[in-house]
Amino acid sequence: MTTPTHLFDVLVIGSGAAGMTLALQLTRDYRIAILSKDEPNEGSTYYAQGGVAAVLDEYDSMESHIQDTLIAGAGLCHQEIVKFTVKQSPQIINWLVEKGVNFDKEPGATGNNQFHLTKEGGHSHRRVIHAADATGKEIALTLYDALNENSNISFFKQFVAVDLVNAHNIGHKGNECLGAYVLNLETGKVELFRANYVIIATGGASKVYLYTSNPDTASGDGIAMAWRAGCRVANLEFNQFHPTCLYHPEAKSFLISEALRGEGAKLVLPDRKEFMHRFDARAELAPRDIVARAIDHEMKRLGCDCVYLDISHKPSKFIKDHFPNIYARCFELGIDITTTPIPIVPAAHYTCGGILTDINGKTDVPNLYAIGESSFTGLHGANRMASNSLLECMVFASAAAKHIMMQPKVKSHMPKVPMWDDSQVTNSIEDITISHNWDELRRFMWDYVGIVRTDKRLQRARRRVQLLQQEVSEYYSNYRISSDLLELRNLITVADLIIQSAIRRKESRGLHFTLDHPNLLEGAKDTVLIPPNFG
Ligand code: FAD
Ligand code: SIN
C-alpha cells in the first residue's frame, strides 16, 4: 500500500482556539487541512474556565487593560503588541458572538451587549467575559460546529505532526516550509501533507512538569518542531504556575478558576487563617506569579501538602450559578464548596514563551506561522495576565489569516519532497525506556526548574536533560515512531530550551524566580535562543 500524500493551500497543525479561528477566518476558496493529534477538542481551549479578557464595559478603558497587562508582565511585554491585542478585543468578542458563542448575560439583561463580566488577578476592572465556568468548552464546541459547515476545511483527527518539511532539509535552496510529515495513528503510517502555508497552533508545553492543569496534548510539539526547522524561540523560562489546582488523589489536572478569587474567595492555611495580605497589598487578586509563590512559600514553611481556597461565605445559589462545573466536580469528590474550603496546590499552567513571531504570526521560516500558546508574540512578558491567552489566540489567528490572504495563493515553485522512509528501523521492544524517561523528565523539571530555582538546580537539570536527549535520539533513529516517543522527544527538546533560557536569566522577574539572583536587573531583555540551522 502506498502512503497517501495530501495537497492543501493551508495546513493548520492544531485545532484549539488559535487553529480553528485561523481556519474560519480564511475565505472559502482556500483548501484547508486542520489536524488534531487526539480528539478534535482535546486541547487546553476546551478546558478553559475563567473567560476572555476584553474591554466591553463603559467604565473600563483600553488604556486600563493595557496598563494591567504591562504591570503583570513585569517590564517585559512588548508595548505595541499589547496595544494591538487589547484594541482588537471588542471585535474578537463580536466575531465569537456572531459565530454563536453563548456568553453569560447580566441577570435580567435583554440587550445584546449586557454581558456579565467577571474579575481575575491583575485586572483593575471587571472585564472577563465568560460562559459560566466552562468558557473554553462553549468556544471550542461552537467553533468546531462552524468548521464542520465549511466544505473547504478537512479535519484530520488523531494525526500527529512529526516534523516540518523545509526546502533545505531535502537538499533544495532556501528554507521555506513546504508541509509536514504526519503520523496517522489509525494506520501507524507517516503521511506527507504539502501546503503553501503551514500554521503551528499546537498549544503549550506544560506537560513538561509533573503536575499540570493542562490536558495531555500540551507537550510542546510545535515549539520543538519549529526549533528543529530553524525558528528562534523566546522567553521559555517563563512557565506560569496556576495557584489553584484541586489537590485530590482522584482528580487529575482539575483547575479551580481564578474567577472564584475574582468573586471573593479567600486563600487560607490549614488552620483557616488568611495569608495573602502578608505577601501583596492586592492579596488574592495579585498577579499569578506572586500568588503561586506565596502558596509555595507557605506550604514549604508549614510542611503541608496543600492550602485551601474558601468561597463558602458566599450564598450557595451564587456559587452554584457562577461555578456549576467546579461545584459539581468537587461535589463528586466529596467536597461541598458551598460549605467547605477547597484543597488546592499550584500546578504548571501556561507557557509564556514560544516560537518567536511578528505581529502577523510569521516565524523566521518563510511560509510558516505560529499562533496561540505555541507562539511568542511579546504580549505576556514575564507573566501572563489571566484570560489574556484566549484573546491572544484569536487576535493573532485573525492577523495571520489576513496576512496569508495578502500573499500569492499558489506558489510557482514546488520542489519534490521525498516520502517518509522507515525502511531502516524496527519495532521497539524497549517501551519501558519511554515511560521511564518520561517520568524522570517531568519529575526533575518539577523539582529543579519549578516555582523557585537556583543555579545549582538548573545545572543539575541541564546535565540530566542532556543524557535523556542522547538516549532518546538514539532510540528515535533505531525504532519505529509512536505518539509517546514523539511526545517524549519534543518534551525533552522543550525542557532543554526552558533550562537554557532559565540559566541565562541572572535576575528574578515575573515567573522566573531564583534564590541566587533575587533582584531585578535594570533594562528588561527577552531571552532569545537561536537554533544551529538558523537563517
Ligand atoms: P490548544 O487549545 O491547547 O490546542 C492545541 C491543539 O494542537 C490540539 O488540537 C492538539 O491536538 C493539537 N496538537 C498538539 N500537538 C500536535 C501535533 N504534534 N500534531 C497534531 N496536532 C497537535 N486562558 C484564558 O485566556 N482564559 C481562561 O479562562 C483559561 N483557562 C484555562 C484553564 C485550563 C484548565 C487550561 C489548561 C488553560 C486555560 N487557559 C485560559 C489557557 C488557554 O486555554 C490556552 O492557552 C489556549 O486555549 C491555547 O489554545 P491553542 O489553540 O494555542 O492550543
Ligand atoms: C482560570 O480560570 O483561572 C484560568 C484563566 C487563565 O488561565 O487565563
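All of the numbers you see were taken from the coordinates with simple rules; none came from a lab. Computed from a prediction, not measured in an experiment: that's the story for all the values here. So basically every Cβ, Gly included, is an ideal-geometry build from the backbone, and we count neighbours across all protein chains shown.
Just going by the charge dipole of segment 193-259, with Lys and Arg at +1 and Asp and Glu at -1 on Cβ, which of 259, 226, 244 is farthest out on the positive end? Farthest towards the positive end: 226. Against the longest alpha carbon principal axis of the chain, how many degrees, from 0 to 90 and to the nearest 10, is the axis of helix 388-405 turned? Approximately 30 degrees, to the nearest ten. The calculated 222 nm mean residue ellipticity attributable to helices in the chain amounts to -11000 deg cm²/dmol, summing -39500 (n - 2.57) over DSSP H runs of n ≥ 4 and dividing by all residues. If you take the Cα centroid of segment 97-149 and the Cα centroid of segment 287-342, the two points sit 23 Å apart. Per-residue Karplus couplings for segment 192-207, computed as 6.51 cos²θ - 1.76 cosθ + 1.60 with θ equal to phi - 60°, are listed in order as 9, 10, 9, 7, 6, 9, 10, 10, 8, 9, 8, x, x, 10, 5, 5 Hz, Gly and Pro entered as x. Annotation: average projected area of segment 298-389 is 9.2 square nanometres, based on the convex hull of Cα atoms across all directions. Computed over the chain, the Cα gyration tensor eigenvalues convert (square root of 5λ each) into semi-axes of 36, 28, 22 Å, ordered from largest to smallest.
Counting every other Cβ atom within 10 Å of each residue's Cβ, 396, 241 order from fewest to most as 241, 396. For segment 168-222, GluC sites (Glu not before Pro) meeting the loop criterion (DSSP other than H, G, I, E, B) and having at most 15 other Cβ atoms within 10 Å: 186.
Here is the list for segment 232-329: trypsin sites (Lys or Arg not before Pro) lying in DSSP coil, each with at most 16 other C-beta atoms within 10 angstrom of its C-beta, are 252, 272, 273, 282. Taking the Cα atoms only, what angle lies between the long axis of helix 79-99 and the longest principal axis of the chain, rounded to 10 degrees? The angle comes out near 90 degrees. Over 26 Å apart at the Cα level, from the set 207/273; 87/362; 87/314; 119/402; 189/362, are 207/273; 87/314; 119/402; 189/362.
What angle, in degrees between 0 and 90 and rounded to the nearest 10, separates the Cα long axis of helix 135-148 from the longest principal axis of the Cα atoms of the chain? Between helix and principal axis, roughly 30 degrees.
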